[in-house]
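What follows is one structure encoded as structure tokens, with my remarks underneath.
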């Protein structure tokens, strides 16, 4: 993928951290701490309800959904559930029409869990080398540094962090101040790391990386602060669109004066800096 395929990107509550981050209170934040709350929520999540209205009422009673924007909640009830056909096995004139249609989660819990984490039970493989705690056949991307008492992982969580310095597009980070995944140390770590290496954007010092922390909101900030997120994103993209126009104009000006044939031939500067000199005789 070419580094300039994207000019600017917005990352909302991105789960990108080091395997271990030392916090200001002398404690540590391990990568698996990102996974635990999501796994606990999904593993014990209810999947089926007698009707869509019953499901909606069940959701309303849970604190998890009570912070959502009402429009988001309505869309979730509409698209996050699917109707389930029920064959009662009763036919004839005495059969009664079903008054309500049962529903289930559109995304099965197993699929939802797969998006959060992969299990690594029963490791290592029987033929693993001595001292190798991985199964390279089934889990080649499992970093031994992230293996803990919780046998689940997502390779992207820790694999992406070392690549942040080389990120060329401008980046806007959006966080919720109450998010368990966005502690101040984790946020500042990404802010000072993104785009700073050779090939990167230049980072925050060059005005190419910034963060916005939405006060009072959680990891669900895009579902809770819809308008606020939209305003921040649109403002950021407006600035980046103007930057993109300036950069494209600069590229055009640099190349626009050259004849079309010049793009297929070397210019005189090549020979200035690479003089002919003496010819090297071939070995016979």
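Being surrounded by 14 or more Cβ atoms within 10 Å (Cβ to Cβ) and in contact with a helix residue (DSSP H, G or I) (Cβ under 6 Å, 6 or more places away or on another chain) is true of residue 191.
Candidates are the residues of region 1-29 that are closer than 22 Å to residue 221 by Cα and over 14 Å from the mean Cα position of the chain (by Cα); the one that is surrounded by the most Cβ atoms within 10 Å (Cβ to Cβ) is 29.
Tell me, which residue of region 65-82 that is surrounded by fewer than 12 Cβ atoms within 10 Å (Cβ to Cβ) and touching a helix residue (DSSP H, G or I) at 6+ places or on another chain (Cβ under 9 Å) is nearest to residue 187 (Cα to Cα)? The extreme case among them is 66. Close contacts from region 142-153, counting a first residue that is at negative phi and free of Cβ contacts under 8 Å to residues at least 40 places away in the same chain and a second that is in a loop (DSSP other than H, G, I, E, B) and surrounded by fewer than 16 Cβ atoms within 10 Å (Cβ to Cβ), with Cβ to Cβ under 8 Å and a gap of 6+ residues or different chains, come to 144/133; 147/133; 151/121. From the list 123, 142, the one residue that fits, being modelled with pLDDT of 80 or more, farther than 30 Å from residue 46 by Cβ and not in a helix (DSSP H, G or I), is 142.
Of all the residues in region 188-215, those that are in contact (Cβ under 8 Å) with a residue 40 or more places away in the chain, more than 19 Å from residue 235 (Cα to Cα) and either outside any helix (DSSP H, G or I) or under 16 Å from the mean Cα position of the chain (by Cα) (or both) number 2. Here region 240-275 is the region considered, the condition is being part of a helix (DSSP H, G or I), under 42 Å from the mean Cα position of the chain (by Cα) and more than 30 Å from residue 209 (Cβ to Cβ), and the residue that is modelled with the lowest pLDDT is 260. When we screen 178, 185 for residues that are surrounded by fewer than 21 Cβ atoms within 10 Å (Cβ to Cβ) and in a loop (DSSP other than H, G, I, E, B), the only hit is 178.
For region 51-62, the criterion of being under 28 Å from the mean Cα position of the chain (by Cα), farther than 30 Å from residue 18 by Cα and touching a residue at least 60 places away in the same chain (Cβ under 8 Å) is met by no residue.
Evaluation of residue 45 against the conditions (1) free of Cβ contacts under 8 Å to residues at least 24 places away in the same chain; (2) touching a helix residue (DSSP H, G or I) at 6+ places or on another chain (Cβ under 6 Å); (3) loosely packed, with under 13 Cβ neighbours inside 10 Å shows that the sole unmet condition is (1). When you look at residue 164, is it touching a helix residue (DSSP H, G or I) at 6+ places or on another chain (Cβ under 6 Å) and assigned to a helix (DSSP H, G or I), yes or no? So residue 164 passes the test. If you go through region 22-58 and keep only what is in contact with a strand residue (DSSP E or B) (Cβ under 6 Å, 6 or more places away or on another chain) and either at pLDDT 90 or above or within 19 Å of residue 76 (Cα to Cα) (or both), you end up with 47, 48, 49, 52, 55.
The values are calculated or read from the model by the stated rules, or taken from the named source; none is laboratory data. Keep in mind the model is a prediction, meaning the values are calculated, not measured. Note that each Cβ is placed from the backbone with ideal geometry, even for glycine, and that neighbours are counted across all protein chains shown.
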